[in-house]
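**Q** Please read through the structure below; I'll follow up with questions.
Nothing in this text is a laboratory measurement; each read-out follows from the coordinates by a stated rule. Quick caveat: nothing in here was measured; it's all calculated off a predicted structure. Cβ atoms come from the backbone with ideal geometry, glycine included; neighbour counts cover every protein chain shown.
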Amino acid sequence: MTSTGKNARNNPMKTHTFLFREGLWSVEGVYFDDSGRPIPLEGKTRVTHLPGLWVNEGALELKPAEGSIVIHSRYEVTPFEEGLSTTSWKSSNPAVGELNGSFILVDDAILSVCRSGDGLFGGSEFMLRVNDEQYLNRGAFLRENEKLSSWSVTLRKIKDGPFPESL
């Protein structure tokens, strides 16, 4: 990779389907809380392309033994520019405020790093492309150097977009 962010080996923008194509995806796997307790999770996420903006929004349901918790998310992504392997995104979290992050393309993976505005919270994750219809996602969210949560999930494409309906 050169210092301009261009990928000389191949063009991951042409091989990735998550983010780069509108679609509805199922999410299933395990969420780990700050004590490492595994909690089953499932949900959906939808990628929509608007002029100058990609939106990834979803709802994930955590299913601990004592009930369920639904987490809603909305990421606003600056579309990747042709030939560049990085772009920015932002999201708002009621507990930590605005998160600012970057997506980085590395061959068959999409890496993501983020930080809260005050620098107290941060996270990282990766989405590994298995095929056009499936990605493996692993990540963690931290307060300073203390893990608050982590996850291990599989994303499976349900259908291609665009979508007039909401989740």
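**Q** Give, to the nearest whole percent, the P(r) tail of segment 59-128 beyond 20 angstrom, counting all Cα pairs.
**A** Counting every Cα pair in segment 59-128, those more than 20 Å apart make up 41 percent.
**Q** Just want to confirm a number: the relative contact order over segment 12-157, from Cα pairs under 8 angstrom separated by 6+ residues, in percent.
**A** That works out to 20 percent.
**Q** Using helices alone, I'd like the mean residue ellipticity at 222 nm for the chain: each DSSP H run of four-plus residues gives -39500 (n - 2.57), total over residue count, nearest 500.
**A** When only DSSP H runs of four or more count, the value is -500 deg cm²/dmol.
**Q** Only loop residues by DSSP count here, and only those with at most 15 other Cβ atoms within 10 Å; note down the GluC sites (Glu not before Pro) in segment 1-107 that meet that.
**A** Passing both the DSSP loop test and the Cβ count: Glu66, Glu81, Glu82.
**Q** Something else now. Which of the lysines could be linked to Lys90 by a straight reach, that is with a Cα gap under 26 Å, when you skip same-chain ones fewer than 8 residues away?
**A** Lys6, Lys14, Lys44, Lys147, Lys157, Lys159
**Q** Taking amide H positions as placed in the peptide plane 1.01 Å from N, state which residues far from Val96 in sequence (5 or more) or on other chains have amide H under 5 Å from it.
**A** Long-range HN contacts for Val96: none found.
**Q** So what is the diffusion coefficient of the chain in µm² per second by Stokes-Einstein at 20 °C and 1.002 mPa s, using a Kirkwood Rh over Cα pairs?
**A** It comes out at roughly 129 µm²/s.
**Q** So who's got an amide H within less than 5 Å of the one on Tyr75, skipping anything under 5 residues away but keeping other chains? H placed 1.01 Å off N, in plane.
**A** Asn56, Glu57
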